[in-house]
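A.B. asks: Take a look at the following structure, please.
Rule-based calculations on the coordinates, nothing more; no lab input. Being a predicted model, the structure only gives us computed values, none of them experimental.
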Amino acid sequence: MIDEKATEELARLRRSIDNIDAALVHLLAERFKCTQQVGALKALTGMPPADKNRERDQIARLRTLATDAGLDPVLAEKFLAFVIAEVIHHHERIAEASNAASGRSRQT
């Protein structure tokens, strides 16, 4: 027989998880809005899409934050690596679009 108190506690915990997931999605959306602006600035000024020094520093910073928060730093690093790969991909697309627009404007 399923314990009613356990079922209620499970539902409460899952609601908390759902709320946290929603917050994470909104935070990621805000982060990517900022990184899109970074990508546009980099494209405008001719900076490369990737910055290995920044990536290295961010990974070290996030590993420390994770450790301080009681989160596995390997998990935090994997998450950041995924985010960084997406950001670089976006920056490359922005740079390509900027270069294509510059080429068109020079030809006309």
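A.B. asks: Please sort through the DSSP H helices of the chain and keep those with an alpha-carbon extent of at least 15 Å along the long axis and a Kyte-Doolittle average not below -1.0.
C.D. replies: 4-45, 73-107
A.B. asks: Hey, which lysines would be in cross-link range of K78, C-alpha to C-alpha under 30 Å, not counting anything within fewer than 8 residues on its own chain?
C.D. replies: Output for K78: K33, K42, K52.
A.B. asks: For the stretch 1-52, what class follows from the C-alpha gyration tensor (a ≥ b ≥ c being the square roots of its eigenvalues): rounded when a/c is under 1.5, otherwise prolate if a/b is larger than b/c, else oblate?
C.D. replies: Prolate, since a/c reaches 1.5 and a/b exceeds b/c.
A.B. asks: Once fully extended, how much extra length lies between L28 and I2, figured as 0.36 nm per residue of separation less the alpha-carbon to alpha-carbon distance?
C.D. replies: Contour length minus the Cα-Cα distance gives 5.6 nm.
A.B. asks: Another one. Of the labelled options (i) 1.52; (ii) 2.61; (iii) 1.56, which one gives Cα Rg over 2.2 N^0.38 Å as computed for this structure?
C.D. replies: Matching entry in (i) 1.52; (ii) 2.61; (iii) 1.56: (iii).
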